[in-house]
Each structure stands twice: as C-alpha cells, then as structure tokens.
C-alpha cells in the first residue's frame, strides 16, 4: 500500500523561476492497485515518481509504504520496498556488467549484499528461468555484457530485474517511450503479465491515452502538482480517449486565460 | 650488445622495483576503472605510506605491522578524498589534488624532517634471508608472492555480493543506488582500499630502499598511469581478471621499457618524455588502426563529476 499525503516540493525556491512541482498532492494506492498516471509535461508526474523512489526529498508532506513512514528514507534504503523502470534503457542496468551480474544486483534489493559468493550455480538457474519468460533468448546469454544488448532487450531486462523479489511498489516511468512500437508492445505485454501474475502495486506513467484506458484499474491525472482527476471501476470503463484529452485542453485553456 | 648487457644487468633491480610499484598502479586502476572515480590521491598516499612505515619502524614496530599501519593511513587518505567528493560535490580529480597537497605537510609532520633513513631497522625482506638470495631476488620473490596473493584475493572479492555491488557503483551509480546499494559506503570503501594499496606500496618501497623521503611521491602517479595503460593495451579490459591483472603486467613491462631507455644511455632527465611517449602511443594506438583482436566493444567511458 502506498500513501502520499500533502506532498509539496518547490524547485528554485525564492528565485524568479520558482516552480511548484508538487502542490499538496495526496494519493492512496491499495495493495494490488495498478494505477496509470497521466498528465501534461510539467504536471509533476516525474517529481512524484522521484519522491516515491526517494530520489527527491519532499519539502512537506509524507509518504508511507505498507504503513511505514519512508519520507526521509534515502534511495538505497527504500529500494527494499520500491523498484523502478526508467524511460531511458541505459539507466536501469549496469552496462559494463553481465546480464547475470545485473540480475544479482536486483536480487540484492531485497537481501543486502553480504560477503559471500555472488553468482552461484543455483542463482544462475533461477535467473535463466526468470529471463526465459521474456522469450528473448536472454537466458542463454547470462555472461554477455549488457552493453551489447539492444535498447528493447535492456529495457526487458530492467523490467525482469524490477519485478524480481516482488517489490511493494513498482514504478514504471514511461518505460516503453524510448522503444520502437513492436518492442514497446513486447515490453508492455511482459509488464502486464508480471504485474497481473504477481499482483504488484504499480504506478505506470504514460502519454498513451489508449493504454491508460485499456490497462490498470485506476487512472490518475496530475495537473500543476495535484491530482486533477481520478477514475476507477465503472467510471474508468466508461471513459473514452476524447474525455481524457478534454481534461488536457481545459488546462491549456486555463493557461491561455491566465496568461 | 652493450645495451642488451646493460639492460639484462638491470633486470633484477628494476623487476623488484616494478613489483613494488605495481601496488601503486593497482591503486590508480581501482578508482579509475572499477569505480569510475579518476583519483590522484595515490601521489600523496604513496609517500604517506612510506613516511608512516619509516616512523613506525623507528619506533620499534616490527616490519609487517609497520606496513599494515602504513596501509591504514593510506586507507584513511583515500576515504578523505572520497568523502569530500561525495559530501561537497568537489570534482574527484580536484578532491585528490587537495588531499595530496595537504598530505605533503602531514608527511613532513609525521617524520619531523624531510628524509628518514631506516638502514638498521628490520625489514620484511629479512624473512627470506635463510634462502640466501641476492638482495634484488629476495624482494622479487617476497613482493611477487604478495602481488599474486593480492591479485587472487581481489578476484575473489569482486565476485562476492559485496564486490559485485562495489563494481555496480562504478558501472552505474544511480542504478546501483536504486538496487539498494549504499553508494557512499561503496565509494569510500573502494577509494580507501586503493589508498591502502598505494600506501602499502610506499611502505614496501621504503623498506626496500632503506629510507623515506617526503618527495618520494613526485611523479609516481604518471608512472603508474603509464604502466596501467601499457598493461591494459597488452591484456585488454574485456574481463574482470584481465582488468585486475593489467596493473601487475603493466608495471613490470613499463619499468623494463624504462630500463631499456636507461641502458641505451638516455639521461634520467629525459625519462619523463619517454614515459609521455609510451602513454601517448598506448592511448593513440587504437585510433591508428592497430586494433586488438578480441577487444570487444569498449565500454563507454563515463566518469563522475
């Protein structure tokens, strides 16, 4: 369960270009919720993701994961609860290390590193099995440096790494945006299979309205650092792409009038 | 022929020296290649190790504990560099220069003078006196074994969970952090370890030459870098084992090249330009069409700022 309460974060405080990225944002996800986060550029989506992962500290407000207050917890300590796949395939993996080593690193999210042998035979077998679900043949390339993989393969690997150990919260930050349409579909399908099978509490940022309507059980639309719209269940099922786009244009009208 | 004979005559001396300095090359390689933290602290931690070792010996500490005390001092120096980089966001190179500069004064304070002879104190090399080898071969055997053990232990370390975590910090520190690795601890520990190796090398050198000098670090960094480049050009960087072996192989080959230059009658003052040319050739070779086979795709260089 994830609970964000009155989150506020201001960039460049007191400067002429001061920007309120999160303006009292509150949000609660129940265990197993699959929330699709939408919103125009600058709405605060990435800031919210960074706040949940710990990459960015809040000025005010609090974040609770499964009832525990993680507001002041640094990224590496929060990693036990939160896994993340970034938009950039380069960010989620260590390029100069092998596929198996990267999988090992992901495993250490749950079990902090100790002074014992890393890649044991048993572990390699487990990794082989987990990677085989992707159907990309990565299971036969465990000792290949990740730098030799394509963007899609790297992103698929990042996904497998993120869902391994079943994190309390899975953050997907436009994780298919940098991929070609076919690869994007492949990664998205793998994501859906994993999230459904493991019942992961997930937040997925996307700019694809059709995806927002089709997947997940909730839609959360951010605007100016707040939740502008929340749809779930019946409402979500009835919503259409033009409905969602409509909310975007309301905002730009307001921007025009305000200017 | 004269050159050849002169060179062969120099081999034991230069081999002993190069094995000792291979610890400094290792201390340059670890931050630079494994932690993506280009670091100049070795230039200061090497004489620090020497001075601390000399003072400890004078105080009656046995030779091995003296070396370990020296390594501890180097460890702290490395930690200091890593800390001021992490905490104050000072560029790694600048952080190393600052610590090196301050270490010069600290080294003078530790010894109380610029030069400290330790001719009559016991040395680690005395252990092998029952073998009745020549002075140089004693050093070669002892330091060679130490280097081999260090290489094997590092190989093991970097395949443990913690060692893998440390490498991840160098490969992609944001990603490592997101996987629950404490980047501060790994960086400080890793740079500290490099400082310890450098100071250990300083201690070995002091026990070998029989004196410590505050200026003994002058230029050691560029020599170490040259040796590293040569080692990497010979072995490549495709696997962890090769990367870890490069400092040792590089140190031996580099000092033999220098020795050839000396044997050929090159005045010592011209050695710096020879060193520069070696490094330049090693760095330029890949762009001039002498690509190594099996070199694989070089990992993109990205260093922390």
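The values are calculated or read from the model by the stated rules, or taken from the named source; none is laboratory data. In this text, all values refer to a predicted model and were calculated from it rather than measured experimentally. All Cβ positions, even for glycine, are placed from backbone atoms using ideal geometry, and neighbour counts span all protein chains on display.
General remarks:
- Evaluating residue B:106 against the criteria (1) under 30 Å from residue A:99 (Cβ atoms); (2) touching a residue at least 40 places away in the same chain (Cβ under 8 Å); (3) buried (at least 16 other Cβ atoms within 10 Å of the Cβ) leaves one unmet condition, (1).
- Yes/no for residue A:121 being over 21 Å from residue A:202 (Cβ atoms) and free of Cβ contacts under 8 Å to residues at least 24 places away in the same chain: yes
- Some residue of region B:26-33 being within 26 Å of residue B:134 (Cα to Cα) and either in a helix (DSSP H, G or I) or within 18 Å of the chain's Cα centre (by Cα) (or both): no
- Identity of the residue in region A:126-143, free of Cβ contacts under 8 Å to residues at least 24 places away in the same chain and assigned to a helix (DSSP H, G or I), that ends up surrounded by the most Cβ atoms within 10 Å (Cβ to Cβ): A:139
- Residue A:154 vs. criteria within 20 Å of the chain's Cα centre (by Cα) and part of a helix (DSSP H, G or I): yes
- Among the criteria (1) at positive phi; (2) more than 20 Å from the chain's Cα centre (by Cα), the one residue B:11 does not fulfil is (1).
- If you filter region A:82-104 down to residues that are in contact (Cβ under 8 Å) with a residue 40 or more places away in the chain and in a helix (DSSP H, G or I), you find that the one that is surrounded by the most Cβ atoms within 10 Å (Cβ to Cβ) is A:102.
- Residue list for region B:112-138, filter: touching a strand residue (DSSP E or B) at 6+ places or on another chain (Cβ under 7 Å) and surrounded by 19 or more Cβ atoms within 10 Å (Cβ to Cβ): B:116, B:118
- Per the listing B:145, B:153, B:141, the residue uniquely over 24 Å from residue B:213 (Cα atoms), within 14 Å of chain A (Cβ to nearest Cβ) and either at pLDDT 95 or above or out of contact with any strand residue (DSSP E or B) (no Cβ under 8 Å at 6 or more places or on another chain) (or both) is B:153.
- Test for residue B:32: is it surrounded by fewer than 24 Cβ atoms within 10 Å (Cβ to Cβ) and touching a helix residue (DSSP H, G or I) at 6+ places or on another chain (Cβ under 8 Å): yes
- For region B:193-213, the set of residues classified as surrounded by fewer than 23 Cβ atoms within 10 Å (Cβ to Cβ) and either within 13 Å of residue B:24 (Cα to Cα) or touching a residue at least 40 places away in the same chain (Cβ under 8 Å) (or both) consists of B:208, B:210, B:211, B:213, listed by residue number.
Conditions (1) more than 14 Å from chain A (Cβ to nearest Cβ); (2) modelled with pLDDT of 95 or more; (3) under 27 Å from residue B:168 (Cα atoms), marked per residue:
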residue: B:200; (1), (2), (3): yes, yes, yes
residue: B:204; (1), (2), (3): yes, yes, no
residue: B:240; (1), (2), (3): no, no, yes
residue: B:253; (1), (2), (3): yes, yes, no
residue: B:270; (1), (2), (3): yes, no, no
residue: B:285; (1), (2), (3): yes, no, no
residue: B:301; (1), (2), (3): no, no, yes
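- Selection status of residue A:228, in contact with a strand residue (DSSP E or B) (Cβ under 6 Å, 6 or more places away or on another chain), closer than 28 Å to residue A:9 by Cβ, at pLDDT below 95 and not in a helix (DSSP H, G or I): yes
- Here residue A:35 passes the criteria (1) surrounded by fewer than 20 Cβ atoms within 10 Å (Cβ to Cβ); (2) more than 27 Å from residue B:161 (Cα to Cα) except the one numbered (1).
- If the condition is being facing another protein chain (nearest Cβ under 10 Å) and part of a helix (DSSP H, G or I), then region A:105-122 contributes A:105, A:106, A:107.
- Residue list for region A:161-186, filter: within 26 Å of residue A:76 (Cα to Cα), in a helix (DSSP H, G or I) and more than 13 Å from every other protein chain (Cβ to nearest Cβ): A:163
- Taking the criterion of being within 7 Å of chain B (Cβ to nearest Cβ) and within 22 Å of residue A:176 (Cα to Cα), the residues of region A:85-104 that qualify are A:91, A:92, A:93, A:94, A:95.
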